[in-house]
Amino acid sequence: MGVSDEANSFGQAADSYDRARPEYPEAALRWLLPESARQVADVGAGTGKLTGVLARLGIDVTAVEPDGRMRAQLSRRLPELRALAGTAEEIPLPDAAVDAVTFGQAWHWVDVDAASAEVGRVLRPGGVLGLVWNIRDTSVPWVAELGETMGSSKAERMVESGTVRVGAPFGPLEEHTVRWETTLTVDSLVDLAASRSYIITAEPAQREETLRRVRALAERVAGEQGTLTLPYRTHVYRAVRP
């Protein structure tokens with residue numbers, strides 16, 4: 001199984017992904033985007049978790065997503081928005097078309113140098129490349145146990161090791177972190193685990209065993225109330241096109 005297999009796996013679990021994946025805090029996007037931003041391309045948009053928040057901020061947003069199943073789910077959720085087939089390396093927009101290009105949970109799948117050059121093409125001068133990841137806060141003991149049960153993702157390893165980077169024409173990245181939390185049921189935490197690329201692509205027996213262990217942990221933590229509070233750190237990075 002290669003990186004491309006995992007990167008292209010999400011459409012197999014589009015429903016679980018849409019049900020369980022969190023959106024992004026508006027505070028993170030307000031830090032990310034320049035006040036003058038009016039038109040934004042959200043690349044690797046998935047089912048529209050970041051796209052929808054951008055739209056609520058009054059942004060004219062175009063979603064770009066390679067997987068047809070994910071785009072279909074996005075269009076069901078956000079029928080008023082434009083959703084195009086494309087990738088970070090081939091964005092279906094003209095030169096200097098947008099004020100910002102965002103990637104939510106997606107930059108770790110790209111060819112960094114090719115994607116950076118392509119983003120630079122579609123950005124207006126002074127435009128922003130924005131990278132966003134929701135990462136579970138493993139300083140909370142049960143969340144750390146959840147990570148040990150599920151395993152870690154490429155995104156988590158990249159963010160936690162400080163190896164996020166962009167290429168030309170962009171300069172240094174600025175970083176900002178927003179802490180927040182969400183409430184989940186036992187079933188929605190299992191759905192969250194089921195939407196992870198390396199679980200989607202695991203052998204069926206391994207996948208079922210992992211999800212069984214996630215459910216047992218969730219039931220123990222939730223107790224009689226039946227819900228869990230899952231803390232997140234949203235890591236936001238921005239770089240400006242010269």
Legend entry - Subset of the stretch 186-210 [at pLDDT below 85, part of a helix (DSSP H, G or I) and polar (S, T, N, Q)]: SER197
Legend entry - Matching residues, the stretch 160-171, being under 25 Å from VAL40 (Cα atoms) and modelled with pLDDT of 95 or more: VAL164, ARG165, VAL166, GLY167, ALA168, PRO169, PHE170
Inset, instruction - Scan the stretch 19-65 for residues that are of a type in the set (D, E, K, R), under 22 Å from PRO231 (Cβ atoms) and under 12 Å from the mean Cα position of the chain (by Cα) and jot them down. - result: ARG21, GLU23, LYS49
Legend entry - Residue tally, condition within 20 Å of ARG213 (Cα to Cα), hydrophobic (A, V, I, L, M, F, W, C) and touching a helix residue (DSSP H, G or I) at 6+ places or on another chain (Cβ under 7 Å), over the stretch 126-178: 3
Legend entry - Cross-chain or 6+ apart pairs with Cβ under 8 Å, the stretch 120-141 first and aromatic (Phe, Trp, Tyr), then in a strand (DSSP E or B) and at pLDDT 95 or above: TRP133/GLY104; TRP133/THR234; TRP133/HIS235
Inset, instruction - Please verify whether the stretch 139-151 includes one or more residues that are over 19 Å from PRO231 (Cα atoms) and loosely packed, with under 14 Cβ neighbours inside 10 Å. - result: no
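Could we say that GLU90 is surrounded by 14 or more Cβ atoms within 10 Å (Cβ to Cβ) and among the acidic types (Asp, Glu) here?
It is false that GLU90 is surrounded by 14 or more Cβ atoms within 10 Å (Cβ to Cβ) and among the acidic types (Asp, Glu).
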Inset, instruction - May I ask you to list the residues in the stretch 47-61 that are outside any loop (DSSP other than H, G, I, E, B) and in contact with a strand residue (DSSP E or B) (Cβ under 7 Å, 6 or more places away or on another chain)? - result: LYS49, LEU50, THR51, LEU54, ALA55, ASP60, VAL61
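The values are calculated or read from the model by the stated rules, or taken from the named source; none is laboratory data. What you see is a predicted model; the values in this text were computed from it and never measured. Counting neighbours? That spans all protein chains shown, and the Cβs are built from the backbone with ideal geometry, glycine included.
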